[in-house]
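Let me begin by presenting the structure, written as C-alpha cells, before commenting on it.
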Amino acid sequence: MAFLGLSVPPDIVKLLASIPVPGDKEDTSSFHITITYLGEKTALPDVLTAAAWMHEASLEVTPFQCAVHGTSHFEPSGASEGRVPVICPVHAPELLKLKKKLDRHFDGAGLEYSKKFEYQPHITLAYADSVPKEIDFPEIVWTATEMILWDGDKWQDEIVIRVPFGLGNLAGKVAARSLRTHQI
C-alpha cells in the first residue's frame with residue numbers, strides 16, 4: 001500500500017483519540033491525512049517517481065494550518081468493507097492547492113493513482129456499523145510542516161520518505177547567505 005499524506009502531531013492525535021465515537025477505533029499510530037493514494041501494489045519505480053514529484057511540489061509550499069472542529073462520516077463502500085467511516089473533516093485550503101499541484105504532476109508523468117473518490121481531506125477515527133451522530137467540538141488547529149510518502153504492507157516493511165515544506169525558499173536563503181558570507 002502506497003500513499004502520500006500528512007502525519008498528525010502526537011498532541012493532536014491524543015485529543016482526537018479522546019472523542020467518544022462509536023465503532024472500532026483506528027489505531028492512533030496510523031492517524032494521517034491522505035493526499036494521494038497510489039495503490040495496494042505500487043512498483044518501486046512508481047514510488048520513486050511519486051517521491052520526486054512530491055519533492056518538486058513541496059518546494060513552493062510553506063508550512064500551513066490544518067483545522068478540525070467536529071466529526072462526520074462517509075457512506076459505507078467496498079473500501080470500508082461495508083462499514084461507516086467515522087471521520088474528522090480537515091479544513092486546510094493550502095492542502096487542497098497542494099493536492100491539485102500533485103495531481104497535475106502525476107497526470108503529466110502518467111503515474112497511476114486513485115481517482116475513485118472526490119478528495120475530502122480527513123482523519124479516520126473509527127469504522128461503525130451504522131451512521132453515528134455528529135459531534136462538534138472547539139476547533140483544533142496545527143501546522144503541517146512536511147509531506148510523507150509511505151509504502152509498505154500494513155505499516156510493515158515500509159519505505160518512508162519525508163519532505164519538509166518550504167525547502168525552495170530555504171535553499172534560496174541559504175544560497176544568498178552563502179554568497180554574502182563569501183564576498184570580500
- region 81-99 - residue that is loosely packed, with under 15 Cβ neighbours inside 10 Å and assigned to a loop (DSSP other than H, G, I, E, B) and, of those, farthest from the chain's Cα centre (by Cα): Gly82
- What number of residues in region 71-80 are in a loop (DSSP other than H, G, I, E, B), among the small types (Gly, Ala, Ser) and surrounded by 14 or more Cβ atoms within 10 Å (Cβ to Cβ)? 1
- Does at least one position in region 96-108 carry a residue that is of a type in the set (Asp, Glu), modelled with pLDDT of 90 or more and within 18 Å of Gly5 (Cβ to Cβ)? yes
- Residue check, Lys133 basic (Lys, Arg) and either assigned to a loop (DSSP other than H, G, I, E, B) or within 13 Å of the chain's Cα centre (by Cα) (or both): yes
- Message: Of everything in region 1-39, what is assigned to a loop (DSSP other than H, G, I, E, B) and out of contact with any strand residue (DSSP E or B) (no Cβ under 8 Å at 6 or more places or on another chain)? Give them in sequence order.
- Response: Ser18, Pro20, Asp27
- Query: closer than 24 Å to Asp136 by Cβ and small (Gly, Ala, Ser): does that describe Gly5?
  - Reply: no
- Message: Can you confirm whether Lys173 is at pLDDT below 95 and on the phi > 0 side of the Ramachandran plot?
- Response: no
- For region 100-116, which residues satisfy the criterion of being touching a residue at least 60 places away in the same chain (Cβ under 8 Å) and not in a loop (DSSP other than H, G, I, E, B)? Leu102, Asp103, Phe106, Ala109
- Qualifying positions in region 22-66 - among the small types (Gly, Ala, Ser) and in contact with a His (Cβ under 7 Å, 6 or more places away or on another chain): Ala57
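The values are calculated or read from the model by the stated rules, or taken from the named source; none is laboratory data. What you see is a predicted model, and the numbers here were worked out from it, not measured in a lab. All Cβ positions, even for glycine, are placed from backbone atoms using ideal geometry, and neighbour counts span all protein chains on display.
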